[in-house]
Structures are given as structure tokens and as C-alpha cells.
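The values are calculated or read from the model by the stated rules, or taken from the named source; none is laboratory data. The structure displayed is predicted, hence computed values, not measured ones. Ideal geometry is used to build each Cβ from the backbone, glycine not excepted, and the neighbour counts take in all protein chains shown.
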């Protein structure tokens, strides 16, 4: 019997994976079609794989129109213009260091036996034999830092929650992945949901939490459905619920949906949103580790942070720490988006340069036109120019260069981009998504957009430039959270690196 | 978790039933609004006091949540929902031009409903940044969106039973 693998990741489906699967099922009625997550080579989606004694052989990108032609080649994994060979041997995959995304795209996402056969649950089993403090220590030793963008040491956060004596504690997973250019959380939740659950269960054991929450943005309905289904599977298998893996300890996990507010990716806004309130930012202190959800001690971690934990417990802190550079240990799933030829997910140890990611993995721009800029770390991240592409992806190195890693998203632009429009958009986005709690962000965003518009119309350009710089300084220093505090990053980097896009004579601006 | 303060209020309206299904838990307010919107197509204004009563919240609190989040709407929309992504990755692949073209074809601006019942809305990242520009049509994600691909997806959406 022929076994075929077709991704059911929503990105693959957005370019026809379902239609391809249906056409294959009709053309090869005897074939078993297994739906998996995506391996992350999104420019090759829909990528169809056929099982052979030598491993899986991939074909892609396959459109439904290619299927009739492919039906002859598939049973013998024979030649075809779309034949890619073994995915693991494609340079794009071979040069990655897949730790967190080791299984994604390989196993059916809701097959717990396959998950276990591919190394799943080893971390949770190890954690079940450890004291909470020892788990926290192992995570601290691994050097794991928050993958949501802030880069705070995870072990310290967990230790703080562990030390609280409250009767009820929470583990909250922040899956409000709103940054344009970032989609690793979505891919992981759709493609390997048990890994996130395993990481959260370990966090619960480490800190003594009994309540778990996964806050997923409503823009990700497929991830919401997949995570909810995965929770049910894990409950039935006894890994969640009143008796976590036979430990006698409860860990009740549920999904909460967002409702289209970017700000809810900020941890305190997310906590308010889980409580059913408006997603406004809370002032700190108190920190969530001491007074978080419902005023109780709460671990708040990003999807990728929690998903990195099982391997640390399974293979030891040193194994994980050996990847990376300086204080950025381990691997980071980077995602390439925008105008890039080979967009997709690249998991690499910290220290890989932006240029390697964009040029070697990404293959340059999709349009074939010259590269102009990339935005690192989402809508609040800096734009970088060609000369800065040799920066290593490392929390400290990027911060020193006035940029940030954020959530690992990289958005590529070719030379047709109007950086004046992008600076204006950065303010507009802040205006739309500000929670409104603090004045620098709420009012600054609107005034900033208006002032950039004046510059783009050629009105008092020099004076208005000074005004924008001044406003940015105020927003950076005076905002309550990163929304207002980091909006200046894309604005100022665009102004400084591409001043020619802002220097418009009134006549030119009128075009 | 159920509200311990008092037994469920009950009642026959859709809002009351949904609140009861969530144990009249004020922390479930956003889930309740999602469920009600899925059932009714929008959040009718008369549901606000009902929800407030069921959850033991002030009307202002329910109104505040309802109006804070972009997802919720208080009036009916068109037959088909078309979300067009304006995130940076989609802009890098011509999202603004795509939006203009789609709006021109449908004769409606962003945020409006066309004569044939397509409500066109901006969205800020659908997580499909490597296959930009992205759109979502009645919940179905579309990558490498073009006016033609969107037209085809809209036709398919119209041929399905109404939401």
C-alpha cells in the first residue's frame, strides 16, 4: 500500500493542500493519505511526500493541476519535475538545527503514539520524577530565555512562582502571536500541539500550578481547534486533568480565545483578557509571577518557550545550552515572511546572521528585485539595511545595534518599498491597536501619524522631523508597555536609514 | 468555573442560554460574546443588559469589553466576510494595491459591505506571512491572494449555505 503525507497546516491549505489531498485520494484510491503539520518550507507547499524504504520522498509545490501527472510517479517515488528528493537532504533543511520543530510536519499532529515514538513525553516523564525546585533549576541552567521577545530567563520566572505559597497558581501560555512575519507559534500549535501541552505540564509540576490556560488569538481558528482537540487526547490519556501522569496532582488546561486585539500579546493585557476584561495593560509591579491571573501567582510564557522545555528535561540542560552564543542559548525558530523567495520556518541556534537567513535560506526577494530592508521582530521592531545584515541573531547583539529579535519574525522588502509609508503605518498600527491606558501611546500614535503625513506632504519637513524624533523619545520613555514604547523603533530606524524617503518637495509629494 | 455567588439565572434568550452554558462565569465574557456572535451573526444591543445581569457585571463593563475588541460587532454584516491582511509582510507583497483592487471590484471601501453582501475588513496578520498577501474568506485562509483568487474564493463562499 502507498502511504502519502500531505500537510494540513493552514498555510499549506491556503495554497491548496486540501484540494491536492482530495485529488490524490481520488486518483489513488488504494493510498493511505496521512495529514501532518508543515515542515515549514512554505514556498514548497503544498508538499506531498511518499513513504519508501529509503525514507520519504517529497514533491512540491504541488497544485491540484499537477496531480494527474504526479499519479504515475508517486507509487514508485519516481522522477517528476516537482520531485525534491528526501526533505532532510535538501540544503534548506539539512542546515537547520531542529530541536523544537523536530517533529512538526512529520507526524500526524493528534497521534499521541506517534508523538511518543518520536521522542515525545520523555521530558514530562523525567519531570515527574523530580522535585519542582529541581525542574526550575534545570530550566535555569539551560539558559532558556523568553521567546516572546523580552528574553527574560525562564528558570528565574518559574522559581519565583515556585516560591509562592498561594493555594492556587496558573500557567498561562501566550499564543497571541500578532507580529507580522511571525508564525512559528501557529505552526507548532497546528503541527505538534502535544509538545506545547507537555511543556505546560512540566511548568505546572515545576511551579505547583494546577490551572493552565492557552490564550490563542482568534485569527488562528485552526490552531484553536487543534489545541482544543489535543487537550482532549491528553486528558483521555491521563496526562492532564485531576491526576497528571499518575502524580496525584491536578493540572486543568483549557484554551481561551482572543478577540482581535494585538495588545493582548502583552502579558498583563492577556491576563485581563483571560479574566474576561478589556485587554488593557496593568502597571508593574506587581509582576505576574507574584500576582498574575485572578491576582494569583502565574507563569506567563510564550508558546516557543514552553515548547523548548520538554527537550531540556529529556536531554539535560547542558545539551540545550550547547547551542547558541553568549547569553542567547539554544535555538530559535525564525520565520521569513514578506517579499522573500523561499519563505518559511528556519530553526537555528542563536548567532546565525540575518544575511544567512534572508539570502542563503530565503534566497533573496520573491520579486527578484534588489533587497532594500527587513523588519526584524514584528511591527514594533526596527528596519535594518543591507549593511546591517551581518548582525548575528542574538538578544544582546541586536539590542546593541538598536534592533531587536522579538519573536523571531523577519519581514523582507524589495526596493519598491516606500519607507515613509512604512513609518506612517507604524504609527497607524499603534493608533489602531493601543489599549488607550497611557497617554504617550494613545495620543502619541495619532499625533505621530499626522506628523509623518505632514512630512510626506512636504510641509515643514525639517521642523516636523525634529517633532517626530521628540515624540518618539517621549513614547519610548513614557509608555506603560512595549506597544507605545517600541513603536518608535520602526519609525526612527526608517528615518535614520532611509532619509531620502522622507525628504520630499511639496510638488513631488503631491504626485 | 461556575459563578458561586448564586445559582444560574436561566431564561430563554440566546444570550442567557450561552451565559448559562459558561456557568454564568464573568471571566468567560469574551467566550460568551464569541459564541453569541457565532449564533446570531452579531451582538444585538439588547443582549448587553441580559449578559450583564447573568454574569453579575455592570452594563458598562460588558459594553467596554464588547467595544474594546475588534472582533465584535453590534450590527449585522454581509453574507460573506472578507478579511484582507494589512500586516507588513503582506504590504511587502502588495497588500495595499490588492486591497484597492478588491474594493474597486466590489464597489465598497475597507470596513464596508458591498451591494452583493461582502463585508471587507482589514486584519493585522493572519500568520501566513511567507505566502503573502493573505486573506480570509468566511474563515478560510487564502495565501498568495490576488483579485482573481479572491473572486474565486468569494464565489465558492456564496455557493455555500449562509453563515
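Results, tabulated for the structure shown:
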item: Among the residues listed as A:42, A:112, A:70, A:121, the single one being surrounded by fewer than 20 Cβ atoms within 10 Å (Cβ to Cβ) and either assigned by TED's automatic domain parsing to the domain that holds residue A:159 or at pLDDT 95 or above (or both); result: A:112
item: Candidate set: the range A:396-412, residues that are surrounded by 22 or more Cβ atoms within 10 Å (Cβ to Cβ) and out of contact with any helix residue (DSSP H, G or I) (no Cβ under 8 Å at 6 or more places or on another chain); chosen: the one nearest to the other protein chains (Cβ to nearest Cβ); result: A:406
item: Selection status of residue A:431, without any contact (Cβ under 8 Å) to a residue 60 or more places away in the chain and either away from every other protein chain (no Cβ under 11 Å) or surrounded by 23 or more Cβ atoms within 10 Å (Cβ to Cβ) (or both); result: yes
item: Residue check for residue A:342: within 13 Å of another protein chain (Cβ to nearest Cβ), surrounded by fewer than 24 Cβ atoms within 10 Å (Cβ to Cβ) and closer than 23 Å to residue B:57 by Cβ; result: no
item: Unmet criterion (only one of (1) within 24 Å of residue A:272 (Cβ to Cβ); (2) in contact with a strand residue (DSSP E or B) (Cβ under 6 Å, 6 or more places away or on another chain); (3) surrounded by fewer than 24 Cβ atoms within 10 Å (Cβ to Cβ)) for residue A:153; result: (1)
item: Residue in the range B:76-83 that is at the interface with chain A (Cβ under 10 Å from one of its Cβ atoms) and touching a residue at least 24 places away in the same chain (Cβ under 8 Å) present; result: yes
item: Residue count, the range B:99-118 (criterion: touching a residue at least 12 places away in the same chain (Cβ under 8 Å), within 14 Å of chain A (Cβ to nearest Cβ) and more than 14 Å from residue B:145 (Cα to Cα)); result: 1
item: Enumeration of residues in the range A:288-313 that are surrounded by 20 or more Cβ atoms within 10 Å (Cβ to Cβ) and farther than 17 Å from residue A:188 by Cβ; result: A:288, A:289, A:292, A:293, A:297, A:298, A:299, A:300, A:313
item: Hey, residue A:453 surrounded by fewer than 24 Cβ atoms within 10 Å (Cβ to Cβ), assigned to a helix (DSSP H, G or I) and either within 14 Å of another protein chain (Cβ to nearest Cβ) or out of contact with any helix residue (DSSP H, G or I) (no Cβ under 7 Å at 6 or more places or on another chain) (or both) or not; result: no
item: Subset of the range B:99-130 (residues that are surrounded by 15 or more Cβ atoms within 10 Å (Cβ to Cβ), under 27 Å from residue A:263 (Cβ atoms) and touching a helix residue (DSSP H, G or I) at 6+ places or on another chain (Cβ under 7 Å)); result: B:120, B:124, B:127, B:128, B:129, B:130
item: Residue under evaluation residue A:204, criteria (1) more than 14 Å from chain B (Cβ to nearest Cβ); (2) out of contact with any strand residue (DSSP E or B) (no Cβ under 8 Å at 6 or more places or on another chain), criterion not met; result: (2)
item: Only one of A:458, A:448, A:444 that is in contact (Cβ under 8 Å) with a residue 40 or more places away in the chain and farther than 30 Å from residue A:270 by Cβ; result: A:458
item: Residue in the range A:36-48 that is under 18 Å from residue A:3 (Cβ atoms), within 14 Å of chain B (Cβ to nearest Cβ), touching a helix residue (DSSP H, G or I) at 6+ places or on another chain (Cβ under 8 Å) and without any contact (Cβ under 8 Å) to a residue 60 or more places away in the chain present; result: yes
item: Number of positions in the range B:43-72 that are surrounded by fewer than 15 Cβ atoms within 10 Å (Cβ to Cβ), without any contact (Cβ under 8 Å) to a residue 40 or more places away in the chain and more than 10 Å from chain A (Cβ to nearest Cβ); result: 6
item: Among the residues listed as A:426, A:445, the single one being within 11 Å of another protein chain (Cβ to nearest Cβ) and either part of a helix (DSSP H, G or I) or touching a helix residue (DSSP H, G or I) at 6+ places or on another chain (Cβ under 6 Å) (or both); result: A:426
item: Single residue of the range A:492-511 satisfying the filter (part of a loop (DSSP other than H, G, I, E, B) and surrounded by fewer than 16 Cβ atoms within 10 Å (Cβ to Cβ)) that is modelled with the highest pLDDT; result: A:503
item: Single residue of A:198, A:177 found to be at the interface with chain B (Cβ under 10 Å from one of its Cβ atoms), crowded, with 24+ Cβ neighbours inside 10 Å and touching a residue at least 60 places away in the same chain (Cβ under 8 Å); result: A:177
item: Matching residues in the range B:139-163 - criterion: being under 16 Å from the mean Cα position of the chain (by Cα) and within 11 Å of another protein chain (Cβ to nearest Cβ); result: B:139, B:140, B:141
item: Residue match in the range A:473-481 (condition: under 25 Å from residue A:335 (Cα atoms), away from chain B (no Cβ under 14 Å) and within 30 Å of the chain's Cα centre (by Cα)); result: yes
